[in-house]
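K.L.:
Right, I'll just put the structure down here and ask away after.
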Amino acid sequence: MQLLRTARTAIPVAVLMLSACASNNFRPVSDAPVRIGRPYIVGGKTFVPAPDPSYDMLGVASWYGNESGNRTANGERFRAKWITAAHTTLPLPTYAEVTALDTGRRIIVRINDRGPFVTGPRIIDLSRGAAEQLGIRESGHARVRVVRVEPSEKDRDRLRHGKPARELPPVREDVLQNLRAQLSKAGL
């Protein structure tokens with residue numbers, strides 16, 4: 001009788017464990033909980049995640065896409081065609097407006113991963129879908145402005161389901177010239 005009870009318990013547990021393996025235990029795409037994370041070291045450099053409501057940086061963006069299906073830093077499945085990005089320290093997820101300074105094109109991305117981990121002016125890695133939407137896929141990188149934003153719930157929902165947020169009008173040329181001049185002063 002004890003053997004029968006053990007078998008009845010073991011089979012459902014085994015089925016649950018196998019189903020968890022099949023799904024790779026990916027976290028559902030959600031905005032909660034927001035993860036800040038502990039400091040971490042990559043390539044000898046320490047990164048300290050922290051909230052930064054006024055984040056506004058100029059630098060370089062690149063894109064990545066060969067990791068499709070892997071787990072992102074916040075536990076979601078990476079989908080190369082979605083409009084997502086990686087950042088070294090912003091909480092996960094965070095939403096950011098990314099502007100290509102050569103064209104003025106702007107998009108909203110959902111940051112759900114960590115990176116880029118290279119020395120130099122790169123401040124964000126975009127998914128292939130985000131790079132295509134921003135118009136930088138062919139070049140592989142671009143000078144950008146990245147600003148943390150609080151998009152509408154409709155835009156958040158679209159990004160959580162792999163769709164782009166609403167289209168944003170391009171940045172005015174005089175503003176772009178100012179931003180380019182700031183980057184030039186920094187040697188970029």
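K.L.:
Please list, ordered by first then second residue, the pairs with beta carbon atoms under 9 Å, 6 or more apart or interchain, first in region 116-127 and surrounded by 19 or more Cβ atoms within 10 Å (Cβ to Cβ), second assigned to a strand (DSSP E or B) and acidic (Asp, Glu).
P.N.:
The qualifying pairs are PRO116/ASP125; ASP125/ASP113; SER127/ASP113.
K.L.:
Now, a different point. Quick one: ARG110 ticks every box in (1) buried (at least 19 other Cβ atoms within 10 Å of the Cβ); (2) out of contact with any Pro (no Cβ under 9 Å at 6 or more places or on another chain); (3) among the basic types (Lys, Arg) bar one, so which box is it?
P.N.:
Of (1) buried (at least 19 other Cβ atoms within 10 Å of the Cβ); (2) out of contact with any Pro (no Cβ under 9 Å at 6 or more places or on another chain); (3) among the basic types (Lys, Arg), only one is false for ARG110: (2).
K.L.:
For region 91-114, give me each residue that is charged (D, E, K, R), closer than 26 Å to GLY43 by Cα and without any contact (Cβ under 8 Å) to a residue 60 or more places away in the chain.
P.N.:
Those that are charged (D, E, K, R), closer than 26 Å to GLY43 by Cα and without any contact (Cβ under 8 Å) to a residue 60 or more places away in the chain: ARG110, ASP113.
K.L.:
Here is a follow-up. Among the residues of region 153-164, how many are more than 18 Å from PRO33 (Cα to Cα) and not in a helix (DSSP H, G or I)?
P.N.:
3
K.L.:
Yes or no: region 82-90 includes at least one residue that is among the aromatic types (Phe, Trp, Tyr), in contact (Cβ under 8 Å) with a residue 12 or more places away in the chain and not in a strand (DSSP E or B).
P.N.:
Yes - at least one qualifying residue is present in region 82-90.
K.L.:
In addition: I need the full set of residues from region 165-187 which are charged (D, E, K, R) and either assigned to a loop (DSSP other than H, G, I, E, B) or surrounded by 11 or more Cβ atoms within 10 Å (Cβ to Cβ) (or both), in order please.
P.N.:
The answer is ARG166, GLU167, ARG172, ARG180.
K.L.:
What is the number of the single condition among (1) charged (D, E, K, R); (2) in contact with a Pro (Cβ under 9 Å, 6 or more places away or on another chain); (3) crowded, with 20+ Cβ neighbours inside 10 Å that ARG160 does not meet?
P.N.:
For ARG160, the failing item is (3).
K.L.:
Does ILE123 satisfy the criteria of being modelled with pLDDT of 95 or more, under 12 Å from the mean Cα position of the chain (by Cα) and closer than 19 Å to GLU76 by Cβ?
P.N.:
no
The values are calculated or read from the model by the stated rules, or taken from the named source; none is laboratory data. Worth saying up front: this structure is predicted, and the values here are computed from it rather than measured. For neighbour counting, all protein chains shown are included, and Cβ atoms are generated from backbone atoms with ideal geometry for every residue, glycine included.
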